[in-house]
1. Using the beta-carbon distance between Thr215 and Leu167 and R0 = 22 Å, what value does 1/(1 + (r/R0)^6) give for FRET efficiency, to the nearest 0.05?
2. Between the alpha-carbon centers of region 100-161 and region 239-278, tell me the distance in whole angstrom.
3. How many Lys pairs in the chain lie less than 23 angstrom apart by Cα atoms, where the lysines are 8 or more positions apart or on different chains?
4. Lys and Arg at +1, Asp and Glu at -1: add these up for the other residues within a Cβ distance under 12 Å of Gly127 and post the number.
5. For Arg131 and Thr267, what is the calculated FRET efficiency with R₀ set at 30 Å and r taken between the beta-carbons, to the nearest 0.05?
6. Need one number: the % of Cα-Cα pairs in region 202-298 sitting beyond the 15 Å mark.
7. Sticking with the crude label model, points 7 Å out along Cα→Cβ, report the distance from Ile275 to Tyr68 in nm, one decimal please.
8. So how far, in whole Å, is the C-alpha centre of region 12-49 from the one of region 196-211?
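Bear in mind that the values in this text are calculations on the coordinates, not laboratory data. As the structure is a computational prediction, the values presented were derived from the model and not from experiment. Cβ: placed from backbone, ideal geometry, glycine included. Neighbour counts: every protein chain shown.
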Amino acid sequence: MLFLARFILKGQSQAALVAATMAILGLILPPAAWISAAAIVLVTLVHDPKSGLITLAFASVGAAIFSYLIFGTPLIAVMFVLLAWLPAWLMASVLRQTVSLAYSLQILTIIGLFAVTVLYMLFPNFGEFWREPLEQIVVQLAEQSNDFSLAELKQTEDWVIKFLPGLFVSSIVFGSMVSLFLGRWWQAVYYNPGGFAKEFQSLDLGKISALVAVTIMLIASLVNSVFTIALVTVVFILYGMQALSLVHAAINIRQVNSAWLVMIYVTMLFIPQVILLLMFASFVDPWLNIRQRIIKPV
């Protein structure tokens, strides 16, 4: 993907073109949407927030044109501006100003928690928009499965619909983080080789952040509502990144074969308990300083 970074850095028009085309492609291939926002991130980090905002504006016009020609409506461009590009631009601006990856991720998480709260308070029927397609899936599953009754699947459907605001915000938070990482990596490749790896591996969210996160989880376990579970989901994304930071740091510190990293990622896909273990490590890391504990003795 470095050829994309080279093209983006040629100018705002080129960056806007990449952002717009990747945004439309993202409707078919979702990871392309992360690349789209990463183009905005890269321009913002390399130049300044104003340049990033101008690129965002150009990309919005391009995406609106593409969207109108392909789908007959420019609304898809508006969707990307609000849900992908603006969050990515904001995080890149914060990162450029503070030079703190941890602070940038924490700000994004706070915004995510606020967004979840607003959605549940002001738009309680947000998930009802997806009820019809979900009902079709439920009916098909009920016909094909002997393990679950239609009533049980309907109950699950109702819960999913209530949880959709949290899932919606969490997906935006996750995508914004991925775009921020990608844009930061691109910047490091050209201006500070190896810098992003060091920055990511040393990610430290601090004790206060961990205490707040644990408090939210404790409240969620006591209240046991869909709203609090949605809040926990946003928190989990933040500390999932912290967990991955610890994994990458451990691999680098111990200087073991990178195949171990691949194996850990594959294991997480098939054994969810591994994710929970890593998450626990990320919560206690501010007190245990795990990276220092795994340094090879001289």
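1. Efficiency, from the Cβ-Cβ distance: 0.50.
2. If we compute the Cα centre of each part, the gap is 28 Å.
3. 4
4. Net of charged neighbours comes to -2.
5. E(calc), rounded to 0.05, equals 0.25.
6. For region 202-298, the fraction of Cα-Cα distances above 15 Å is 64 percent.
7. Roughly 4.1 nm, to one decimal.
8. Computed from Cα coordinates, the inter-centre distance equals 26 Å.
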